[in-house]
Amino acid sequence: QVLLVESGGGLVEAGASLRLSCAASGRTSSRYAMGWFRQAPGKERQFVAAISWSGGVTYYADFVKGRFTISRDNAKKILFLQMNSLKPEDTAVYYCAARSLPGASVNIHEYNYWGQGTQVTVSS
């Protein structure tokens, strides 16, 4: 069992930046890829970014390319999402997730573990 806890969300104005963090604990001895997803009110949860266990492979949704950066610190067991140039349409609950394999994936169904989410609200 891998436990994930997100932090760093908040209310910001359009154009601002936020950095989300996700701390992993529990059975973290295996190599696991991680990702960020988001869910806006009334919408399905969608892929945002993913990173392999080594950090050498990353994937991004088209709507965040050039603005968001995913990274991880395996020694500290923390996943990050640096979000720049935020837009009102980025408003959502952001979830981190882990899958029991080292390769990055954009497929939401391939993730086994989920955090509780952190709210990001971007005002216009």
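The values are calculated or read from the model by the stated rules, or taken from the named source; none is laboratory data. Since the model is a prediction, treat every value here as computed from it, not as a measurement. Don't worry about glycine lacking a Cβ; one is built from the backbone with ideal geometry, like all the others, and counts go over all protein chains shown. SASA here: full protein model, heavy atoms, side chains in, ligands and nucleic acids out. Shrake-Rupley method; radii C 1.70, N 1.55, O 1.52, S 1.80 Å.
Numerical summary
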read-out	value
Unique residue being closer than 12 Å to Thr118 by Cβ and of a type in the set (Ser, Thr, Tyr) when the list is Ser25, Ser21, Ser30	Ser21
Residue list for the stretch 53-85, filter: within 15 Å of the chain's Cα centre (by Cα) and among the hydrophobic types (A, V, I, L, M, F, W, C)	Trp53, Val57, Ala61, Phe63, Val64, Phe68, Ile70, Ile78, Leu79, Phe80, Leu81, Met83
Looking only at the stretch 1-48, and only at residues there that are small (Gly, Ala, Ser), surrounded by 15 or more Cβ atoms within 10 Å (Cβ to Cβ) and touching a Lys or Arg at 6+ places or on another chain (Cβ under 9 Å), the one that is farthest from Glu110 (Cα to Cα)	Gly8
Complete set of residues in the stretch 106-124 that are open to solvent by less than 50 Å² (accessible area, probe 1.4 Å) and either over 15 Å from the mean Cα position of the chain (by Cα) or at pLDDT below 95 (or both)	Thr121, Val122, Ser123
Residue in the stretch 104-121 that is assigned to a strand (DSSP E or B), more than 15 Å from Ala33 (Cβ to Cβ), of a type in the set (A, V, I, L, M) and in contact with a helix residue (DSSP H, G or I) (Cβ under 8 Å, 6 or more places away or on another chain) present	yes
Residue check for Val48: in contact (Cβ under 8 Å) with a residue 24 or more places away in the chain, farther than 13 Å from Val2 by Cβ and in a strand (DSSP E or B)	yes
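Rundown of residues vs (1) open to solvent by 60 Å² or more (accessible area, probe 1.4 Å); (2) outside any loop (DSSP other than H, G, I, E, B); (3) out of contact with any helix residue (DSSP H, G or I) (no Cβ under 6 Å at 6 or more places or on another chain), yes/no style:
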residue	(1), (2), (3)
Gly55	no, no, yes
Tyr59	yes, yes, yes
Gly66	yes, no, yes
Ser71	no, yes, yes
Lys76	yes, no, yes
Leu79	no, yes, yes
Ser85	yes, no, yes
Glu89	yes, yes, yes
Val93	no, yes, yes
